[in-house]
Every structure is written in C-alpha cells, then in structure tokens.
Amino acid sequence: MISPVRIVFEEDGKMFALRRYSEALEDFSGDLLKKRSVDLKPTEKLSLFPYGPSAGGLTESIYFSLLTSGERIEAMNYDTSFKDRKISVSGNDIPKAVLLMERINGIHSASYSSLFCDLIERSSGIEVSQEIMDLRILMMEMERISHHLFVAGRLSGGASQNIGSMNIYLLREELLRIIGKTFGHRYFFGINKPGGTGREIDVSNIYEKLESIVKEYTEIYRTLMDSRIFIDRTDSTAIIRDEISAGPVLRGFGKNMDGRSQHRYYNKLNVRISTVDSGDSLARYVVRSEEIFSSWEIIKKILERNSRFKIMEEVKMDKIQGTGEKISGYMETPSGDLSMIVSVRSGKISFFKYSSPSLWNLRVFADAMKGNNFADFYFGLESLGLCVSETGDIR
Amino acid sequence: MKAWFLRSLKKGIVTSSFPSGKNEALSPWATLPMRDMSGEVDCPVDAIQDDRVDSGKCISCGICFPQFKPSMQIPQINMVRVEKSLSKSMKLYLFDSGTCGACNLEIMALNSPQYDMNRLGLSFTNTPRQADAIMITGVLTEGMIAPLKAAIDSMASPKIVFAVGACAISGGLMGKSISEITGLDVQVPGCPPDPFVIVAAIEKARGRI
Ligand code: SF4
Ligand code: SF4
C-alpha cells in the first residue's frame, strides 16, 4: 500500500503532497480525501445524543453527537473547533515559534519541538551532534511512556479497574516527577532549541528509578491482562481497520509500521515494533503497553552512552535567516505520525503546515463506532489517546 | 484482587501530607523565576518588570536563564476572597476553554495516590451544576465562550472561579485571558502549574492554609 498523504498544499498553481513517514515533498495529482460529513437525522426510533463540548469525563473540550437507538450507535459526528486557539505560527521569529510548538500539544511537546528544531536545522544547514539527537530521543521516549501510562490509567479506570488505574497513575506521577527534577519541567518545555538545548541536563541518576517504574508496570500489565472484567469490557469494542489511522491505532490491527523504524534519529537503535491483529480497544492497550517496554529498551541505550547533556555551543537563533525553501519531515509522537513542513525567510517562519495523528484517529474512530454498543463509546475514545489540542486551527 | 492488595502493601504509604507537611516535589520552572545574575533578558511575554516576575504572565519557558533561576518556592497565589464554607468538602469541575492539554492533566493528577484529593475533601464532578468550584484552563476561545458562561451560570452559590495556568490568567503566549468574560476568584500560576501549586491554591481559597 502507498503511504497515505498527510499534507497537501497548492503553490503557483501546482499541488504538492507530503506522505506519512516521508521527508520529501512530491507532486500531487490525485483526489483529495473528502471532509468527513455524516448526516445525523433523528427518527422516532433513533435519537441524537450530544456529548460535550465541555463535560465530565472529557479531558479536553470536544463535541460528539451520536445517533443511537439507546443501545446501538448508528452514526457519529464530532466537532473539534470549539476550543480552536487559532494559533498563527507563520510570521513569528524562530524563538517564539519554538515556544508555540511546545504548546500545540503540551503533553507531546518534546515530539513537536524536536521535529520543528530538526526542520529549522535542516533548512539552515546546521548539523547537530549525536548527543543532541540522543537528548531528543530520550525526551520523546519518556513522553511516550508518560502518555501511554495516562491512557492505560483512563482505560482501566473506565473498565472498573479502579485499583489498577490508581496504580498506573501513581507510576505516571513518579515519572513526571523524575522528568520535572531532571529536565526542569514536567512536560519538557524550554529544552529544545534549534542547534542544541537551553539547559544542562544531568541524567546520571535516573536509570534505576525508570527501571523500577517499568518493572512495576510489567506487574500491573500482567494483573490487568488476567482480569476477566478488563478483557471483557475492552475486547471487540471500537474495532478500527483503516489504513489512514496513526500510531497505536494502526499497529492495533496488525500494521507493522512505526515512523521511528526508518527515522534518522533512531538509526541503529533497533526500534521494536509491537502489533496486535484484532483492531479493538484491547489491542490498542496491548500495543501501548508493549511500547512502554520498547521505549525503555531505547532509553537504556541512550542512558548507557550519555550521563549529561551540556548546553551546546549556542546557535544564535537571530543568525538563522533561511532561504524560503520548504523543508519537510515527520516524527512518531505517542499518538502516531506527525508530519510538518516549514520554511524560514528573513529570520521568520514564512510557511508552516502540519498534520497531527489525533486528526486521523478521530476520523477513523467516528466511522468505526457505527454498530457498536453505546456503552463502548467510552472505551473506544479512551483507547485512542486523543489530543484535541493538536487538531486545532494552527497555521 | 490479591495481586493488587500485595502490591499496595509493598508500595507502602505514598500520599503526601501537604499542605500540613512538606511538598515532596516541585517542578523547577513551575516556580517563579528570581534574578540570580545581572544581564538583559528578552522575556517573550514581558513578564519581567523591575526584576520582578509577574506570576500570571510567566509561561515557565526558562528563556531568562541564567540571569534568572527558579525560586523553588510555591508561588504567591493571587485571590480576591476566601470561601470558608467549602472548607470541609468541595467539588471541582474542570473546564477547558482552549488549552494545550497540559494544564488539564496537572489538575487531573490530583486524583493520583500521591495527592489523593479525597483526603482533603475534594472530588471531581461531571457537571457544573453540582460544582462548588470551576477550574478553567486555557486561553479564551470563541467557541467556548457560550459554554463557559453557561457553566458558571449553572453553578450554585457560593462558587469559586479558578483560572489555572498562564493562558487562563493572562492569555499566556497565544491568546486572551478568560478574565475578559468572568471575574477570577483565584489565579493559579504556571505553564502548567505544578499539582502541588494547584493544591496550595485550592486550600488557600477555602481558608485551610
Ligand atoms: S520563565 Fe520565561 S516567561 Fe517566565 S520570566 Fe523567565 S523568560 Fe519570562
Ligand atoms: S498555561 Fe501553558 S500548560 Fe497551561 S494550557 Fe496554556 S500553554 Fe498549556
């Protein structure tokens, strides 16, 4: 299968596209994926159930409407625009654009800012050291574990596994405290800069603490997988088998695809890709859990060869003028592939486009909910690990 | 069940005694930066005036380092009133008006065993109708103005409006403050605020510290 197109744009009357896991723009002449639109008409037997944009149970503001007979979902729509922050990245200087990157999706800020800095560096011919790439990988893999723990906590809580859920949240908080203490910020804000890092980071004493978190999660994972209730509630719910999906959703129906496996940064790190065939909420949970273990394998290799990341010889951001050439790339965030195109001219961002994994996963989820039991909506939603913030209007 | 029980025994007590005891952790840049050495600083949100940092504006970016360093103290909580009638029990409603997601998760972290919000008589509620406090996060966005007004109007009195995070308090880096449509009873600084800072703000607003 050809990789799906993630970004399309028009320039001088010509269409260009960036595909999933690609760093190269290509000419585009195919049909554009149509905006999803489903007509939801209530009837005597089917009623419309609105959920959101603000409601308990939602971590971020989003609006869902479900056409349902009470038990069965017949169709579903969603609207992410309520909390649109309308962020304009174009026109900003590079330091401010980096800060914006961290805040498009704050809980995946390491992935966003690492990709953005990488594009700025490539656009200006700045070569970063292996050490800086290692720092970025370390942050992104810790971010992945933190996110997967959060999703696992939500999913197990929803499946009445409250003790399991609390145990997972406990581990996540331990991890966030390690991140806060080591990196100065629990969500890695302020670390990434084009060409280096803004802070000196000492990682010499985090190995044992991280190892113990992963070991404890292994026990929790085993206990949850032994729970009939947990399996029953998540098995066969919200089955997704759509190739345009991203990350754990894609790997949850057997696709052996992960942007890290072919990315320059992860060269020689032998990223282990985990897949499960069934495509349901349980499969996505298993994929995430296995990714916690494979992220730890990567982190171990990084920590074995680094104990301290020094502030790199500062690249003066105001010296980066840019040529206006468009540079494109991708990163595998905890939710899936993030694609981005950037150009810099006269020291300012002159072009910016990106495609977030949550956008694709939300779309396939909405299609997949048809025929599901109403009560399964929650498990399906939580298993996606959706970040509404990254689906917003950001130019 | 047995496995969970054994795990809990092995883990021991993990819950903080804060605010009566000390806070076990504090994320450095969630505390207010303090001048440490001379030199010009180009703060992206103009939070620094005469060497003092405006806690409601600071976005915890660390750009002022090394001239400024994190104070490692729980920042001053700005508030207009104390609501002692909620000191025994308080229900919180989380309202995202336009976040990056991080502030929301820091509030939700209060549910984790390290903070165990129930010990303080705190719980989350699914509807503003039953809430004593609304925890508003994020910048003011057009689409959330009507839901926010409706949520605040539907709350019974006494009610407390918390603005959690730089976005909600001042608009932060990329938007407008929610103060454009509602009064702010309590401001919880940080981008995002550390969960211990959120606990401190809640306890102060109820007159418990
Ligand atoms: S941390 Fe950032 S926002 Fe806060 S005072 Fe320093 S430079 Fe300004
Ligand atoms: S204050 Fe900071 S962490 Fe909170 S929503 Fe705004 S950008 Fe995100």
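Numbers for the structure displayed
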| quantity | calculated |
| --- | --- |
| Rg [Å, one decimal], Dmax [Å, integer] - the range A:5-83, C-alpha atoms | 18.4, 52 |
| Value of relative contact order over the range A:5-83, rounded to a whole percent, pairs C-alpha under 8 Å and six or more apart | 19 |
| Extreme residue, positive dipole direction of the protein assembly as shown, given options A:Ser346, A:Ile7, A:Phe379 (C-beta unit charges) | A:Phe379 |
| Efficiency of FRET from Cβ geometry, A:Phe16 and B:Thr127, R₀ 45 Å, rounded to 0.05 | 0.45 |
| Between the range B:106-120 and the range A:176-255, the alpha-carbon center distance in angstrom | 20 |
| Nearest-0.05 FRET efficiency for A:Thr43 and A:Lys268, computed from C-beta distance (R0 60 Å) | 0.55 |
| B:Met72 paired with A:Glu219, simple spin-label distance in nm, labels 7 Å along Cα-to-beta-carbon | 3.2 |
| Length-normalised contact order of chain A in % [C-alpha pairs under 8 Å, at least 6 apart] | 24 |
| Where labels lie 7 Å past Cα in the beta-carbon direction, separation of A:Glu304 and A:Arg72 in nm | 5.4 |
| Rounded to the nearest 20 debye, dipole of the protein assembly as shown from Cβ charges on Lys, Arg, Asp, Glu | 1060 |
| Long pairs among A:Lys353/B:Lys176; A:Lys86/A:Lys326; A:Lys316/A:Lys348; B:Lys91/B:Lys204; B:Lys69/B:Lys176, criterion Cα-Cα beyond 18 Å | A:Lys353/B:Lys176; A:Lys86/A:Lys326; B:Lys69/B:Lys176 |
| Net charge, A:Ala238 excluded, C-beta distance under 9 Å - Lys, Arg +1, Asp, Glu -1 | -1 |
| Cα convex hull volume per residue for the range A:98-386 (Å³) | 114 |
| Rounded if a/c under 1.5, otherwise prolate or oblate - the protein assembly as shown, Cα gyration tensor axes | rounded |
| Under 22 Å from the Cα of A:Lys300 - lysines, other chains or at least 8 residues apart | A:Lys181, A:Lys209, A:Lys215, A:Lys268, A:Lys310 |
| 12 Å beta-carbon shell around B:Ser87, net charge (K/R +1, D/E -1) | +2 |
| FRET efficiency, 1/(1 + (r/R0)^6) with R0 56 Å, evaluated for A:Asp31 and A:Phe293 via beta carbons | 0.90 |
| Charge sum, other residues only, whose C-beta stays under 12 Å from B:Leu26's C-beta, Lys/Arg counted +1 and Asp/Glu -1 | +2 |
| Gained length - B:Leu6 relative to B:Ala146, 0.36 nm times residue gap less alpha-carbon distance | 45.5 nm |
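Throughout, read-outs are computed from the coordinates displayed, never taken from laboratory work. Because the structure is a prediction, the values reported are computed rather than measured. For neighbour counting, all protein chains shown are included, and Cβ atoms are generated from backbone atoms with ideal geometry for every residue, glycine included.
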